[in-house]
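Engineer: The structure's right below; bear with me while I get my questions together.
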Amino acid sequence: MRRNILTAVAATAGSLALAASLTACGGSSAASDAKVVTVYSADGLKGENGDGWYDKVFKDFTAQTGIKVEYVEGGSGEMVQRAVREKSNTQADVLVTLPPFIQQADGKGLLAKYAPEGSDRVDGADKAADGTWTSVVNNYFGFVYNKKELKTPPQTWEELLDGSYKDKLQYSTPGVAGDGTAVVVKAMHDFGGKQAAMDYLKKLQANNVGPSASTGKLAPKVDKGELLVANGDVQMNFAQAKTMPHLGLWFPKKAGGKPTSFALPYAAGLVKNAPHTANGKKLLDFMLATKQQRDVSSVGGGFAARTDVKATDENAIALAKIMDGVEIFEPDWDDIDKNLQAYVEDWKSATGS
């Protein structure tokens, strides 16, 4: 997925490294081309077959502006860490991650203040008060299961402790992947606190296959039956289910409780000291434009970030049905951002990871 093409474009780490080295020695490269913008993003918005929201947005953006998009994908934490390493020689123009990593990026001084056109239509909870980031696609945390092997999804967290899930369950790594971190956030909420959540995740480790830096790689394993259950998010998994017939979405609950979820938006910010700041601003404006926001559900299987865009397409109706009956809670992202490293260390200690 990381190769340079004119439309929905990707860049390998090697090509970026080459670009950086050529720039450093005064040569010309894609990274120094004025008609380019580089996006570092969490996975989920680019389609498996070139049919995702990013694919269409990048293609249309290039057609309209002549600016090529170089795309680098990974877990939210991975993308932030990469941007930190490159701080003295910035490569990315736009950074897109899930919470709490967008807050982490802001805290590390990676983001410049910029309010894209249309961001005034984004709910206050879905953008930074200081104007350093705004959601471009809204989303919710969830899990997937194999509909062929399991006629109905598991109902509770406790069911996942059953021996039938041994080596058939996997979730992405907290602290590295946004959706992996979300597992800890949801468990802390559902079990009523950190210690109870860690006690549960310690037990669950007996069935867990092991770490995964990318959540997006888990759904294909579930569809093939290599896994029965994995974590994910509604937008990404709904889009994947179009080509993965055995993929079903579900929301765990604590025994005796209700299924829960929380908003986990794709939040975008302009990178400070970006090599192509003007192009980054143009891309952010383009992502939040009404047309692109209408495509969020119809093309990307997600939820528009703009409150004035009311989707009524087939996907929007199906998404509303998926979310029906799910209790939505609002995490304290400031607390999670402040204590993220401690929570990750507690998780490592509990699971032996």
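Read-outs throughout are calculated quantities, based only on the coordinates presented, and are distinct from any laboratory measurement. Small disclaimer: the values here were computed from a predicted structure and weren't measured. Note that we place each Cβ from the backbone using ideal geometry, even for glycine, and neighbour counts take in every protein chain shown.
Engineer: What's the angle, to the nearest 10 degrees (0 to 90), between helix 277-288's Cα axis and the longest principal axis of the chain?
Structural biologist: Roughly 50 degrees, rounded to the nearest 10.
Engineer: Helix 314-323 versus the longest principal axis of the chain: what angle, 0 to 90°, nearest 10, using Cα atoms?
Structural biologist: 40 degrees
Engineer: Using the scaling law 2.2 N^0.38 Å as the reference, what is the normalised Cα Rg of the stretch 149-220?
Structural biologist: Details: Rg = 12.1 Å, N = 72, 2.2 N^0.38 = 11.2 Å.
Taking N as the residue count of the stretch 149-220, the ratio is 1.09.
Engineer: Across the Cα atoms of the stretch 99-249, what radius of gyration and what greatest pairwise Cα-Cα distance (Dmax) are found, in Å?
Structural biologist: My reading of the Cα-based Rg and Dmax gives 17.2, 52 Å.
Engineer: Then there's this: Could you tally the net charge around Trp347, taking each other residue with its Cβ under 11 Å from the Cβ of Trp347, Lys/Arg +1 and Asp/Glu -1? Each step should come with its number before you reach the end.
Structural biologist: Working: positive: Lys194, Lys202, Lys348; negative: Glu345, Asp346.
Taking every other residue near Trp347 into account, the sum is +1.
Engineer: Taking θ = phi - 60°, what integer Hz values does the Karplus form 6.51 cos²θ - 1.76 cosθ + 1.60 yield along the stretch 90-107, in sequence order, with x for Gly and Pro?
Structural biologist: My calculation for the stretch 90-107 gives 4, 10, 7, 9, 10, 10, 10, 9, 8, x, x, 6, 6, 5, 5, 4, 5, x Hz in order.
Engineer: Between the stretch 153-170 and the stretch 190-240, what's the alpha-carbon centroid distance in Å?
Structural biologist: So the two Cα centres are separated by 10 Å.
Engineer: Let me ask you something else. Could you give the size of the charge dipole of the chain about its Cα centre, using +1 on the Cβ of each K and R and -1 on the Cβ of each D and E, expressed in debye and rounded to the nearest 20? Before the final figure, lay out the partial values.
Structural biologist: Working: 40 positive and 42 negative charges, 125 e Å.
The dipole magnitude comes to about 600 debye.
Engineer: Over what distance in Å are the Cα centres of the stretch 113-142 and the stretch 249-301 separated?
Structural biologist: The stretch 113-142 and the stretch 249-301 have Cα centres spaced 8 Å from each other.
Engineer: What does the net charge come to around Val122 if you take all other residues with beta carbon closer than 14 Å to its beta carbon, with K and R at +1 and D and E at -1?
Structural biologist: Summing Lys/Arg as +1 and Asp/Glu as -1 gives -3.
Engineer: Here's a follow-up. How far apart, in nm, are the 7 Å Cα→Cβ label points at Lys310 and Lys108?
Structural biologist: Placing both labels 7 Å along Cα→Cβ, they lie 4.1 nm apart.
Engineer: Helix-only estimate, please: 222 nm mean residue ellipticity of the chain, summing -39500 (n - 2.57) across DSSP H runs of length 4 or more and dividing by its residues, to the nearest 500. Mind showing how you got there, number by number?
Structural biologist: On the way: 12 runs with 130 residues, N = 353.
Calculated at 222 nm, the ellipticity per residue is -11000 deg cm²/dmol.
Engineer: If you don't mind, another one. How much of the DSSP bridge set in the stretch 37-114 is antiparallel, in percent, rounded to the nearest 5? Please report the intermediate quantities before stating the final value.
Structural biologist: On the way: 0 of 9 bridges.
If I count the DSSP bridges inside the stretch 37-114, around 0 percent turn out antiparallel.
Engineer: On to the next question. For Rg and Dmax of the Cα atoms in Å, which listed value, [x] 19.6, 64; [y] 19.4, 59; [z] 21.5, 68, comes from the coordinates shown?
Structural biologist: Only one listed value fits the structure, namely [x].
Engineer: State the antiparallel share, in %, of DSSP beta bridges confined to the chain, rounding to the nearest 5.
Structural biologist: Numbers: 23 of 39 bridges.
Antiparallel bridges: around 60 percent, rounded to the nearest 5.
Engineer: Considering the options Gly301, Ala316, Ala278, tell which one lies farthest towards the positive end of the dipole of the stretch 273-332, charges being +1 on Lys and Arg and -1 on Asp and Glu at the Cβ, about the Cα centre.
Structural biologist: Going by the Cα projections, it comes out as Ala278.
Engineer: Now for a different question. Hey, what angle do you get for helix 178-190 against the long axis of the chain, alpha-carbon based, 0 to 90 degrees rounded to 10?
Structural biologist: Computed tilt is about 40 degrees.
Engineer: Place +1 on the Cβ of every Lys and Arg and -1 on the Cβ of every Asp and Glu in the chain, take the dipole about the Cα centre, and give the residue among Pro259, Gln155, Gly180 whose Cα lies farthest towards its positive end.
Structural biologist: Gly180
Engineer: Now a separate question. Connecting C-alpha atoms closer than 10 Å in a GNM of the chain, tell me which of Gln293, Gln341, Gln235 has the biggest fluctuation.
Structural biologist: Checking each option, the largest mean-square fluctuation is seen for Gln341.
Engineer: May I have the extent of the alpha carbons of the stretch 48-165 along their three principal axes, as whole Å values ordered from largest to smallest?
Structural biologist: Between the extreme Cα coordinates on each principal axis of the stretch 48-165 lie 50, 34, 32 Å.
Engineer: Size of the dipole of the stretch 234-353 about the Cα centre, Lys and Arg at +1 and Asp and Glu at -1 on the beta carbon, nothing else charged, in debye to 20? Show your work: numbers first, answer last.
Structural biologist: Details: 14 positive and 14 negative charges, 75 e Å.
Using only the charged Cβ atoms, the result is roughly 360 debye.
Engineer: Distance from a point 7 Å along Cα→Cβ of Val209 to each backbone N in the stretch 50-93: keep the residues under 19 Å and list them by number.
Structural biologist: 74-76
Engineer: To make sure I understand the rule: partners must be lysines, Cα under 18 Å from the Cα of Lys202, and not fewer than 8 residues away in the same chain. Which ones qualify?
Structural biologist: Lys166, Lys168, Lys186, Lys194, Lys253, Lys254, Lys348
Engineer: If you don't mind, another one. Ranking Thr156, Thr173 by Cβ neighbours within 10 Å, fewest first, what do you get? Spell out each step's value before the answer.
Structural biologist: Working: Thr156 15, Thr173 23.
Fewest-to-most Cβ neighbours within 10 Å comes out as Thr156, Thr173.
Engineer: Lys and Arg at +1, Asp and Glu at -1: add these up for the other residues within a Cβ distance under 10 Å of Asp223 and post the number.
Structural biologist: Values: positive: Lys147, Lys148, Lys221, Lys224; negative: Glu226.
With Lys, Arg at +1 and Asp, Glu at -1, the neighbours total +3.
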